[in-house]
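Novice: One structure follows; several queries about it will come next.
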Amino acid sequence: MTPVTGTKRLIFDAALQLAGERGITGTTMDDVAERAGVAKGSLYYNFASKDKLFEGLLREGMSALTEALRASRQGKTGTVALEALVTTLLGRIKANTALAKVIAGDIFRTDRAWRETSFAFRHEALAEFAAAIDEAVPEATSTGATALMASSVFGAALVAGLEWLLFDEDRPQSEVVAAILFTFSGRLAPASH
């Protein structure tokens, strides 16, 4: 995907800041134009509606995240790949907390105009986690649990990453990665009887 520059970049950055502060619903096109320092005509020239603006913004952010996840898993397998994915996701959350807030707040909304964009991103991102899980826990494939496990790890990393940056930002990222991976180690599960 070609990087967005110029006026569109100003608009995306303003929309992201505002949505991170207020949510997408609480963000107006007037607010975006004002924050971006562009005329409303310029805003509407680039994006015909608020839905188109946020679909473009989410598409750009989600695409970059998916590419980063794919690259982090390259050449790694199993639990090493899973650790790389969690580390990359946390790094992306740290680098763009506003986008992470918007994704976390919007990923399960089914009433948005950009639902298909979100669904495609979710599918691509979770496929990276699922591949690593299949390598680390081959029996997951035979039970059909891989997809659920992938969304569990992704969701835990997303929420834990936001929790970390909002309430415990001095904690080293490596400790957050270790805590997330420990959660899925099986040692928290009750002992079998």
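Novice: Please enumerate the residues belonging to segment 130-187 that are of a type in the set (D, E, K, R) and either under 19 Å from residue 65 (Cα atoms) or modelled with pLDDT of 85 or more (or both).
Specialist: 134, 135, 163, 168, 169, 170, 171, 175
Novice: Let me ask something else. I need a count of the residues in segment 22-51 that are in a helix (DSSP H, G or I) and free of Cβ contacts under 8 Å to residues at least 60 places away in the same chain.
Specialist: 17
Novice: Does residue 187 satisfy being surrounded by fewer than 17 Cβ atoms within 10 Å (Cβ to Cβ) and either touching a Phe, Trp or Tyr at 6+ places or on another chain (Cβ under 7 Å) or at positive phi (or both)?
Specialist: no
Novice: So, of the residues in segment 69-90 that are surrounded by fewer than 18 Cβ atoms within 10 Å (Cβ to Cβ) and farther than 15 Å from residue 153 by Cα, which turns out to be nearest to the chain's Cα centre (by Cα)?
Specialist: Among those residues, the one meeting the criterion is 70.
The values are calculated or read from the model by the stated rules, or taken from the named source; none is laboratory data. Here the structure is a predicted model, which is why all the values come from computation and not from measurement. Note that we place each Cβ from the backbone using ideal geometry, even for glycine, and neighbour counts take in every protein chain shown.
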